[in-house]
Amino acid sequence: MTPTLALERMMLHPQYDQIIQRARTLAPTAVVDQADAAATEAHRILSTAAVRFAEAPAYPATVADVPGWLRLGLLDTLAAFADGRATTCLHQPQAHRPSPVLAAAWLPGLVTCPGCAHLLSLQRNPDADATCDSCGHRCAGPEHGDGIYPGMVQLGPLIFHYGTCGDCRPPVASNNPLSATLPAQNAAPRGTGRVKPRGKRGRRRGRGGR
């Protein structure tokens, strides 16, 4: 079993909260405090984006709210970042020194700090900008009723960007959410805002806390 599938199995386990709480008690206090601080800052970045683009408050999401393709993409990125397989920006964020980081479904394996969010931009790639990250459908554009819905999902310090066509919008996006936070510990999950579909999402998608 791959690390990604093992992480997913753990998250879907009915005792996931207890597993996380046990892990927190075994980890050094300094590590837990740093990880919590990074997750809190990542949530602030995500919430700021939700308010700025959607003028909407944060809403919670559960693991079940996030479809398998998105959940696995996020966890695969997290696993690659943790074991050193991911490509990073020049600032070289590292998992053992928790800090907010960004990644995107359309650039698998790339992890950046918030200051290098421009590396995730699709401004110069209109084909990828109009392509659903779930089914691969190339959307005709919002003027044809077929736009891309950009979104973000957060787990701990990682903010994972994605974009879907109208048919593939996650259940958590039923109210047009921009972002969602998966619970990483036994606490209330946080986060979503709302956005309208966009044809040229490159200027918006992949900009982190803008």
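The values are calculated or read from the model by the stated rules, or taken from the named source; none is laboratory data. Computed from a predicted structure; not experimentally measured. Note that each Cβ is placed from the backbone with ideal geometry, even for glycine, and that neighbours are counted across all protein chains shown. Heavy atoms of the whole protein, side chains included, go into the accessibility calculation; ligands, DNA and RNA do not. Shrake-Rupley method; radii C 1.70, N 1.55, O 1.52, S 1.80 Å.
Yes or no, residue by residue, for (1) hydrophobic (A, V, I, L, M, F, W, C); (2) within 20 Å of residue 40 (Cβ to Cβ):
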position	(1), (2)
74	yes, yes
116	yes, no
128	yes, no
131	no, no
138	no, no
153	yes, yes
166	no, no
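Here residue 133 meets each of (1) open to solvent by less than 10 Å² (accessible area, probe 1.4 Å); (2) within 17 Å of the chain's Cα centre (by Cα) with one exception, condition (1).
Return the residues of segment 21-45 that are out of contact with any helix residue (DSSP H, G or I) (no Cβ under 7 Å at 6 or more places or on another chain) and charged (D, E, K, R); say none if nothing qualifies.
Across segment 21-45, the qualifying residues are 22, 33, 36, 41, 44.
All conditions but one from (1) over 27 Å from residue 13 (Cβ atoms); (2) not in a loop (DSSP other than H, G, I, E, B) apply to residue 107; the one that does not is (2). For segment 141-179, filtered to residues that are more than 29 Å from residue 79 (Cβ to Cβ) and either modelled with pLDDT of 90 or more or acidic (Asp, Glu) (or both), the residue that is most open to solvent (accessible area, probe 1.4 Å) is 143.
Restricting attention to segment 56-72, and to residues there that are under 14 Å from the mean Cα position of the chain (by Cα) and within 14 Å of residue 46 (Cβ to Cβ), which single residue is modelled with the highest pLDDT? Checked segment 56-72; the qualifying residue modelled with the highest pLDDT is 61.
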